[in-house]
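*Asks:* My questions all concern the structure below.
Read-outs: derived from the displayed coordinates by stated rules, not from any lab. Keep in mind that what you see is a predicted model, and the values were worked out from it rather than measured. Don't worry about glycine lacking a Cβ; one is built from the backbone with ideal geometry, like all the others, and counts go over all protein chains shown.
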Amino acid sequence: MACFYEMGELDIPFEKSEPKDGNRFYTLRVCKDCRADWMQAIKTWFDTKPSKESCGSGIFVRRNGTSVEISQEEWNELNPGREPVRLRS
């Protein structure tokens, strides 16, 4: 598996390679069974339509490189005793 984006936040041993054209790739060698599982995960991701509905909390966190809104309850579970900064539109 190869991509242009370094996915260090996954804590998976991607290897950096630089082909002759100067484009940097990050690669990961996987066995055949893992490749099949990965391909199924990509297909599931591709076929799943993202939810555009807001839960209304205004609490956004970063998950795997993107911002997602979470509920107050989820915030409390992840950050006991801390108050979130809220984004209001």
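*Asks:* Which one of Ser71, Ile59, Met7 is farthest out on the positive end of the charge dipole of the chain, using unit charges on Cβ (Lys, Arg +1; Asp, Glu -1) and the Cα centre as origin?
*Replies:* Among Ser71, Ile59, Met7, the one farthest towards the positive end of the dipole of the chain is Met7.
*Asks:* Apply the Karplus parameterisation 6.51 cos²θ - 1.76 cosθ + 1.60, with θ equal to phi minus 60°, to every residue of the stretch 79-86 and state each ³J(HN,Hα) to the nearest whole Hz, in sequence, with x for glycine and proline.
*Replies:* 3J(HN,Hα) across the stretch 79-86, in whole Hz: 9, x, x, 10, 9, x, 8, 9.
*Asks:* Follow-up. Would you mind getting me the FRET efficiency between Lys43 and Lys16? Use the beta-carbon distance for r and R0 = 30 Å, nearest 0.05.
*Replies:* Step by step, r from the Cβ atoms, then E = 0.65.
*Asks:* Using the Karplus curve 6.51 cos²θ - 1.76 cosθ + 1.60 with θ = phi - 60°, what ³J(HN,Hα) values do you get for each residue of the stretch 51-61, in whole Hz, with x for Gly and Pro?
*Replies:* 7, 9, 7, 8, 7, x, 6, x, 9, 10, 10
*Asks:* What number comes out for the charge environment of Gly58, summing +1 per Lys or Arg and -1 per Asp or Glu over other residues with Cβ under 15 Å away?
*Replies:* The answer is -3.
*Asks:* Per residue of the chain, what 222 nm ellipticity follows from adding -39500 (n - 2.57) for every DSSP H run with n ≥ 4, rounded to the nearest 500?
*Replies:* Rounded to the nearest 500, the figure is -8000 deg cm²/dmol.
*Asks:* A further question on this structure: Taking the Cα centre of the stretch 1-58 as origin and charging only Cβ (+1 Lys, Arg; -1 Asp, Glu), how large is the dipole, in debye to the nearest 20?
*Replies:* 220
*Asks:* Here is a follow-up. Angle check, please: helix 32-47 long axis (alpha carbons) against the longest principal axis of the chain (alpha carbons), in degrees 0 to 90, nearest 10.
*Replies:* 50
*Asks:* Simple spin-label model, 7 Å along Cα-to-Cβ: Leu28 to Glu83 in nm?
*Replies:* 3.9
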